[in-house]
């Protein structure tokens, strides 16, 4: 247990810095205009200023409250997000099937409970389902397999 | 008598073979898209849009409408079983539906919410039929100032209902407003916050944002939970466990009717619509409940009321679309578009010029709702069985469908990248205990809110008092301001509570 709520302090600081930057960027680039003829930047800037204020409130409440330390484990989010990124990288040049297989295998590394046989079956089932729903069902002309070279 | 003649005309139109067929096809596709995470009704409507060129306008609208409310029925299945809202409107359903599923009462939650949605839908259709013209007249008085005031009120109310800190919820609403302003400005055509990225000019994809913040972050959290808590007990889910208890039934009618009332009213307002209706009815239930501490931990009212509100709002949402020509949501925009392509302009003249279209479509909604409840209740066991698939097979499947869904929305990997971005944000938000639902609300309403604000200020010659000079707008502004002391009070009491070392010890 820590004597300060560092999570809220960090959160509040991050939100208010982002809000402040966003408000500045909005006014500087898109203009404030007048109240009658409002500029492009005013509404986003107003929202951003409110965010800055709420961020400061969260930050200051972090100084007076206490909270248990919460840990942020990295492995699970890393592999889950990596599987999404892998899909994004592979789908255009190589087509859907390799992207689906990469996404399935990478994400399964997040908890390592599935066996190889199970994963193979899962890949086949998922590719089949996607083919049935999107290619046959919805009639979308997305390439299942592509060879760019 | 006039109404009866119209109903007869409507039934005659709706019961023709081809209209029945496309109604059935629509609700089936809708259900499927609602169940499969990653493809929402918007995607399905967009994909099937070209098909409507080959159909008569009434049939086209019947089918697209079927997808729209069918997805509502399907979406709550994933919300309850997997904690993944198929659409933003199901975010509230997750709050109590998922805890119910974890307690082994998934069957009950599905059954009661299906019935609630049906009753809400019926109430909505009844209102659409009987009071359609009257309610449209009321909404006709709304100007930009009223819309702005209503949206502001909706956002503040929505923030007060989410779990945890109100200040954090308000911060997330404003962050949502900021994300919503990314893209081309509707007034001047200037791209804002795009940083030279061409894909961002058409604004951030709602699918990518929702799937990243909810879908990906939920997968990450669920894998962790499974490691820590172990497996969910599967035994209490099927068979007789799906039968609601006497107590559930006692709670059913009051909260369903309250939800229908809230939903019917808010569904009429463009911009407010289904999303705010679900949030508001949830807030109302929590307020009138004798056991508000149960909410968020598996209260049946928390599933029934928002579901009936969604059901009725989905129906009354057609009032502004069909009678005023103001679509209340992106899906409604596409439906109005389908009519315009056919040379029919949705607006006040529609009901007089094409009574068969208006009444036929309205009656088909009822038939579609009956089809849905028939498809739903006998197959609840089938949906519940989805829970028995081990999570280590389910979560790669969820991720694949999220990715494919985002990819086919624009046929570009860009939205998949956006999912990764919002997935990171969603994980950080979970760690920081920042709620995601208010962010989504702000994001969805933001552009319309800015539009109405700018229009109101233009019409009011730059005088802020314009929001208080018009009676309807003034009421909403005063209600919003009245909430401020409550927000301050609950923020202060929350700080007090976490300051007390005893309660921290209990929490940790």
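Derivation of every value follows stated rules applied to the coordinates shown; laboratory data play no part. Keep in mind that what you see is a predicted model, and the values were worked out from it rather than measured. Cβ placement follows ideal geometry from the backbone for every residue including glycine, while neighbour counts extend to all protein chains displayed.
Of note:
- Among the residues of B:414-426, the average count of other protein chain beta-carbon atoms within 10 Å of the residue beta-carbon is 4.
- Shielding of B:28-34 by partner chains, average beta-carbon count, 10 Å: 1
- Dividing the mean sequence gap of close Cα pairs (under 8 Å, 6+ apart) by how many residues region A:75-137 holds gives a relative contact order of 34 percent.
- Modelled FRET efficiency - R0 45 Å, residue B:7 with residue A:140, Cβ distances, 0.05 increments: 0.70
- Per-residue Cβ neighbour rank within 10 angstrom, fewest leading, B:295, B:393, B:365: B:393, B:295, B:365
- Protection-proxy order for peptides B:489-498, A:30-39, B:117-126, each taking the mean of Cβ atoms within 10 Å per residue, highest first: B:117-126, A:30-39, B:489-498
- Translational diffusion coefficient of region A:6-64 (Stokes-Einstein, Kirkwood radius from Cα pairs, 4 °C, 1.567 mPa s): 111 µm²/s.
- What the Cβ-Cβ distance of residue B:353 and residue B:433 gives, at R0 = 60 Å and to the nearest 0.05, is a FRET efficiency of 0.65.
- Centroid-to-centroid separation of region A:74-123 and region B:9-35 [C-alpha atoms, Å]: 37
- Computed from the C-beta positions of residue A:132 and residue B:370 and an R0 of 30 Å, the FRET efficiency is 0.60 to the nearest 0.05.
- Taking 0.36 nm per residue of separation and subtracting the Cα-Cα distance, full extension of the segment from residue B:197 to residue B:474 would add 95.7 nm.
- Summarising the label geometry, the points placed 7 Å from Cα in the beta-carbon direction at residue B:458 and residue B:484 lie 2.9 nm from one another.
- Only alpha carbons enter this Debye calculation for chain A, each as an equal point scatterer, and the log10 of I(q)/I(0) it gives at q = 0.08, 0.10, 0.14, 0.18 Å⁻¹ is -0.50, -0.71, -0.86, -0.94.
- In Å, descending, principal axis extents of the Cα set of region A:75-137: 36, 25, 16
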